[in-house]
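Let me begin by presenting the structure, written as C-alpha cells, before commenting on it.
The values are calculated or read from the model by the stated rules, or taken from the named source; none is laboratory data. Nothing here was measured: the structure is a model prediction, and the numbers come from that model. Cβ placement follows ideal geometry from the backbone for every residue including glycine, while neighbour counts extend to all protein chains displayed. Surface areas here come from the heavy atoms of the whole protein model, side chains and all, with no ligands, DNA or RNA. Shrake-Rupley method; radii C 1.70, N 1.55, O 1.52, S 1.80 Å.
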Amino acid sequence: LLAKKHMKSMIVVMPFGHAVDPFNTAPEMRGKNTELFTKDLLGDVMPQAEAAYRITTGPAHTAIAGLSMGGGQALFAGLTNPSKFSYVAGFSASVPRSNPEAQYASAVADPAATNKAFKLIWMATGKDDALLQPDQQFVDWLKGKGVKVTWKETEGAHTWLVWRRYLAEFAPLLFR
C-alpha cells in the first residue's frame with residue numbers, strides 16, 4: 001500500500017495488550033485490563049514513542065486500531081480520549097456485551113462533539129466470527145446515540161487473514 005502510494009507513511013506502535021496478567025483471576029483485577037492498558041498507553045507508551053521517533057503529535061495525526069481484545073481496547077482508549085485520537089478502529093472487537101453506557105458515557109453524551117472530534121470510527125467483523133452479534137449491537141447502540149460509525153460485516157471468522165484485509169482497507173483512510 002505504501003509503495004503504491006495508497007496510504008500515508010506512518011509509525012506503528014504495537015504494545016502488549018495485557019496490562020493485567022491474563023491468568024490473574026483475583027476478583028479486584030477482573031475487568032481492569034482495558035482501563036489499565038489505556039492508562040499505560042497514554043501515560044507511558046505514547047510518550048516513549050514520541051520521545052524516540054519523529055512523530056507528528058495531536059489527534060489529527062494519531063490513530064488507534066486493534067483486533068479482538070485489542071479492538072475493544074482501541075475503541076475504549078480512542079473513544080474516551082478524543083483529545084488524543086481522530087481515527088479509531090476495532091477489528092472483530094471484544095466490546096461490552098451489556099451496559100456500554102458505563103464505559104462510553106463520554107462518547108455518547110454529546111454526539112455532535114464526538115462526530116466533530118473523530119474523522120473516522122471504523123469497525124468490521126466477519127459473518128462467521130462469534131463477536132459479530134455483540135459488535136453489531138455495539139455499532140447499533142452508538143448509531144442510536146447519534147455517533148457516526150463505519151460498519152463492515154464481511155466474510156470470514158476470527159482470524160488473521162480477515163484482520164489483514166481490514167488493515168488493508170482501513171490504513172488508506174488514515175491521515176487524509
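So, how do all the Cα-to-Cα distances of the range 117-171 break down into 5 Å bins, in percent, from 0 on up?
4, 19, 28, 23, 17, 7, 1
At 0.36 nm per residue, minus the direct Cα-Cα distance, what do Ser83 and Lys5 gain on full extension? Give it in nm, one decimal, please.
The Ser83-Lys5 span can extend by a further 25.3 nm.
Subtract the Cα-Cα distance of Glu153 and Ala130 from 0.36 nm times their separation in residues, and report this length gain in nm to one decimal.
7.0 nm is the gain from fully extending Glu153 to Ala130.
Sort 12-21, 65-74, 126-135 by the packing proxy (mean of other Cβ within 10 Å over each peptide's residues), most packed first.
The densest-packed peptide leads the list: 65-74, 126-135, 12-21.
Once the whole set of protein chains is in place, how much accessible area is left on Ser94, using a 1.4 Å probe, in Å² to the nearest 10?
60
Just to compare against my own numbers: the Cα pair-distance distribution for the range 7-93, 10 Å bins, whole % per bin, please.
Once binned at 10 Å, the Cα pair distances of the range 7-93 give 17, 50, 27, 6, 0.
Just the accessible area per residue of the chain, please: how many Å² with a 1.4 Å probe?
57
Accessible area of the chain with a 1.4 Å probe: how many percent of it is carbon plus sulfur?
Percent of accessible area from carbon and sulfur atoms in the chain: 55.
Just the Kirkwood number for the chain, please: inverse of mean 1/r across all distinct Cα pairs, in Å, one decimal.
For the chain, inverting the mean 1/r across all distinct Cα pairs yields 16.7 Å.
Based on the Cβ-Cβ distance from Met29 to Leu161, what FRET efficiency comes out when R0 is 41 Å, to the nearest 0.05?
0.80
Taking loop as defined by DSSP and a crowding limit of 13 other beta carbons within 10 Å, which GluC sites (Glu not before Pro) in the range 1-64 fit?
For GluC sites (Glu not before Pro) across the range 1-64 that sit outside H, G, I, E and B with at most 13 neighbouring Cβ atoms in 10 Å, the list reads Glu28.
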